[in-house]
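This report concerns only the one structure given below.
The values are calculated or read from the model by the stated rules, or taken from the named source; none is laboratory data. Note that the structure is predicted; figures quoted are calculated from it, not measured. No Cβ is skipped: glycine too gets one built from the backbone with ideal geometry, and neighbour counts run over all protein chains shown. What goes into the accessible areas is simple: the full protein's heavy atoms, side chains included, and nothing from ligands, DNA or RNA. Shrake-Rupley method; radii C 1.70, N 1.55, O 1.52, S 1.80 Å.
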Amino acid sequence: MERRVVITAESAITPIGHGKKDIINNLINGVSGVKNLKNEDNVLSKYLHSNVFGVIDYDIAYEFPRKFTKTLGPVSFYACQVAKEVIEQAGLTQEQLSSGRIGVAYGSTHGSPSVQRNIYEAFFDPTRKGYTKINATDYLKSMVHTTAVNITRMFGITGRVISSCTACTTASQSIGYGYESIKFGMQDAMICGAADEYDTTTIAVFDNLLACSTAYNDRPHLTPRPFDVKRDGLVVGEGAGALLLEELEHAKKRNATILAEVIGFSCCNNGGDLILPNAEGVKSTIKTGLDTARINPVDVDFISAHATATKVGDIVEAQAINAEYGKGPLVTGLKSYIGHTMSSCGVLEVIFTLYMMHDNIIVPTLNLDEVDPRCDIINHTRALQESEINIASIHNFAFGGVNTSLFIKKWK
Amino acid sequence: MTREQIVASIVKLLEEEFEIVNPDLDANLTEKYEFDSIDAIALLEHVEDIIAAPLTQAEKKEAMEIRTINQICDFIDGIMEKRNKSR
């Protein structure tokens, strides 16, 4: 019998709030989480042209004992907090978590850059303090899979670990591979998601490639502007999200609340340029995703576009959506509210879509004042509307030509 | 440093950096306070700060046999005496 995969818990820490109440309120009211850079480092910030960031500027009450915090960099604090909330929301027991049938698919773009700086300080100046000094826990806090294994450690999880590290497709791959792990019988549940901490080096990467928004430094809330004729690039952000994916019968057996069903996932590579988006690659990803979900394009009501607000990227995505879907489903660029939260964008966009699905609304793309004619070939959400989302697709694309599409279905 | 000063430094350090308060100086740190290998390496970093000098690899390996706070203090005592004698 084919195994079905449902979502039974969610948690998000984002530039527009922590938890559904704040997030949905800010989505409905068109509140942006984009602000100016929150702290001035004395090294890199002065060279950046972009001064905007999707900022988490509120306190989070972590209650982790020291035996766990000693291996947490900032990114893992975020990751463990959302994992904790998902576990609590789902009501999973320690016996279940340590059964070997629950795993973790969680990642980040590059671990913890702020902690990596400690290591590089020793690398470049081994004579500081008179002797070489790399702290015992620096590597554990900063390694690329730090989020996933701090989650397994904190919660005693002994199932499989997948720690994807594909920048903007990290979370969507985590969800997709978690979905496949359950669907094909390897696990009964997976905690899936990704996190990225505040980091100006990420801005520098895109700034150097002329891909960052720089024209709205004095009006941060007006950027990014996906699909808008005056868009001028992406805004980097920080955030974390987690979903509990679970095999349907496993969820029913423990009377779990089912939030939605994951019905399809695809991941295809452009097989070429590592930076430039590719419409054929995106089209292929959409087609493959629709096949895995066993649905037709007409069945999709809503698309959360990747839509980072770069000049080329938005056009390419619009072309691909038009080619596969025509002007059918409503399309929103959710990064317009929070910026591009890098590895976590996929899970946050799924969670925002879940919220809309449950409340029967679709929020518009923020800052979409005038649609670029080259993007005006799809059905943009221009205003908040009451609308049922039965099936949604979430797109994410990453450097390296990695493309993903996820399909989730309303649970009735 | 006197023995009393060493003990006071270590007890303060354990409280501030490791959240171990009013410890039993002869208790097994791992069994009683969940002090693990990561904590041991971190503690040695602080010991280097206390003695204001790096520990050799041999000294660090020797320190891996330590199990109690009194043994930590004995270790520091021994290192400082050895360093003083070699001057």
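A few points about this structure:
- Verdict on A:D41 being in a helix (DSSP H, G or I), surrounded by fewer than 17 Cβ atoms within 10 Å (Cβ to Cβ) and charged (D, E, K, R): no
- Restricting attention to segment A:336-384, the residues being out of contact with any Ser or Thr (no Cβ under 6 Å at 6 or more places or on another chain), of a type in the set (G, A, S) and either surrounded by fewer than 24 Cβ atoms within 10 Å (Cβ to Cβ) or part of a helix (DSSP H, G or I) (or both) number 2.
- Any chance B:L13 is within 19 Å of A:N135 (Cβ to Cβ), free of Cβ contacts under 8 Å to residues at least 60 places away in the same chain and more than 13 Å from chain A (Cβ to nearest Cβ): yes
- Candidates A:S181, A:S174, A:S213: the one that is in contact (Cβ under 8 Å) with a residue 60 or more places away in the chain, under 23 Å from A:Y47 (Cβ atoms) and open to solvent by less than 10 Å² (accessible area, probe 1.4 Å) is A:S213.
- Verdict on A:G73 being touching a strand residue (DSSP E or B) at 6+ places or on another chain (Cβ under 7 Å) and open to solvent by less than 10 Å² (accessible area, probe 1.4 Å): no
- Segment A:1-29: number of residues that are under 28 Å from A:A204 (Cα atoms) and part of a loop (DSSP other than H, G, I, E, B): 2
- For segment A:314-328, the count of residues that are under 30 Å from A:Q81 (Cα atoms), open to solvent by less than 10 Å² (accessible area, probe 1.4 Å), β-branched (V, I, T) and in contact (Cβ under 8 Å) with a residue 24 or more places away in the chain is zero.
- Filtered residue count, segment B:19-39, keeping only those that are facing chain A (nearest Cβ under 8 Å) and under 18 Å from A:N135 (Cβ atoms): 4
- Just one residue in the set A:A194, A:A215, A:A211, A:A242 is more than 24 Å from A:S112 (Cα to Cα) and of a type in the set (A, V, I, L, M); that residue is A:A215.
- Annotation: A:R128 fulfils all but one of (1) open to solvent by less than 50 Å² (accessible area, probe 1.4 Å); (2) modelled with pLDDT under 95; the unmet one is (1).
- Within segment A:174-212, tally of residues that are more than 15 Å from A:V5 (Cα to Cα), at pLDDT 95 or above and of a type in the set (G, A, S): 3
- Here A:N296 clears all of (1) touching a residue at least 24 places away in the same chain (Cβ under 8 Å); (2) surrounded by fewer than 22 Cβ atoms within 10 Å (Cβ to Cβ); (3) over 30 Å from A:C80 (Cβ atoms) except the condition numbered (1).
- Counting the residues of segment A:150-164 that are surrounded by fewer than 19 Cβ atoms within 10 Å (Cβ to Cβ) and among the hydrophobic types (A, V, I, L, M, F, W, C) gives 1.
- Against the list (1) away from chain A (no Cβ under 12 Å); (2) charged (D, E, K, R); (3) surrounded by 14 or more Cβ atoms within 10 Å (Cβ to Cβ), the condition B:K60 fails is (1).
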